[in-house]
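Down below is the structure, laid out as structure tokens.
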């Protein structure tokens, strides 16, 4: 008799395994179920946390760009009004400018906390250029780059929107863009002052 046969016979005769194979299979299945449930719960929690941070970062970026656009609009309105309006109306527009600055500062803090490093770099560049204004061509471009970076982080597969188009959507067209675009039969009509 070979050694392998002796070993097999000894295993058959050995009574040191008090559990039957169905009981052992049930225990293994139960332990596997607990492990799978625990891991799926942990992964779900991680995914939800990541989704929540991405949502906070997205809202912060949209709030910041909204504040930049509103700031520009309020400044343009205040400049356009000139001396033709009362001090109360001028005070209203100055207060709106102040409020948009507050909104921008709040959004900046949230972007710093929740935004990715690329977006924070763009925000730092915007701040170095003077911060809250949509009139500077470079600020418009940096805000557009930040928006495109967020779109990429959020998983948009096709991110082929040109920066100048994003800037035009966010801040309106520049005067050069307005002059170069045809009016499509609406001669002289302009959506922005």
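The values are calculated or read from the model by the stated rules, or taken from the named source; none is laboratory data. Keep in mind that this is a model prediction, so the values were computed, not measured. Here the Cβ positions follow ideal geometry from the backbone for every residue, glycine too, while neighbour counts run over all protein chains shown.
Screening residue 80 with (1) in contact (Cβ under 8 Å) with a residue 60 or more places away in the chain; (2) surrounded by 14 or more Cβ atoms within 10 Å (Cβ to Cβ) gives one miss only, at (2). When 147, 138 are screened for being within 26 Å of residue 49 (Cα to Cα), modelled with pLDDT of 80 or more and under 24 Å from the mean Cα position of the chain (by Cα), only 147 passes.
Can you find even one residue in the range 176-186 that is surrounded by 15 or more Cβ atoms within 10 Å (Cβ to Cβ) and either out of contact with any strand residue (DSSP E or B) (no Cβ under 6 Å at 6 or more places or on another chain) or at pLDDT below 80 (or both)? Scanning the range 176-186, I find no residue that is surrounded by 15 or more Cβ atoms within 10 Å (Cβ to Cβ) and either out of contact with any strand residue (DSSP E or B) (no Cβ under 6 Å at 6 or more places or on another chain) or at pLDDT below 80 (or both), so the answer is no.
Restricting the range 137-158 to residues that are part of a helix (DSSP H, G or I) and in contact (Cβ under 8 Å) with a residue 60 or more places away in the chain, the residue that is farthest from residue 104 (Cα to Cα) is 153. Checked against the criterion of being closer than 16 Å to residue 60 by Cβ and surrounded by fewer than 15 Cβ atoms within 10 Å (Cβ to Cβ), the candidates 105, 150 yield just one match: 105.
Yes/no per residue for (1) within 25 Å of the chain's Cα centre (by Cα); (2) under 30 Å from residue 131 (Cα atoms); (3) modelled with pLDDT under 80:
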{"position": "8", "(1), (2), (3)": "no, no, yes"}
{"position": "15", "(1), (2), (3)": "no, no, yes"}
{"position": "18", "(1), (2), (3)": "no, no, yes"}
{"position": "28", "(1), (2), (3)": "no, no, no"}
{"position": "49", "(1), (2), (3)": "yes, no, no"}
{"position": "54", "(1), (2), (3)": "yes, yes, no"}
{"position": "62", "(1), (2), (3)": "yes, yes, no"}
{"position": "66", "(1), (2), (3)": "yes, yes, no"}
{"position": "73", "(1), (2), (3)": "yes, yes, no"}
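Exactly one residue out of 111, 161, 68 is assigned to a loop (DSSP other than H, G, I, E, B) and surrounded by 12 or more Cβ atoms within 10 Å (Cβ to Cβ), and it is 161.
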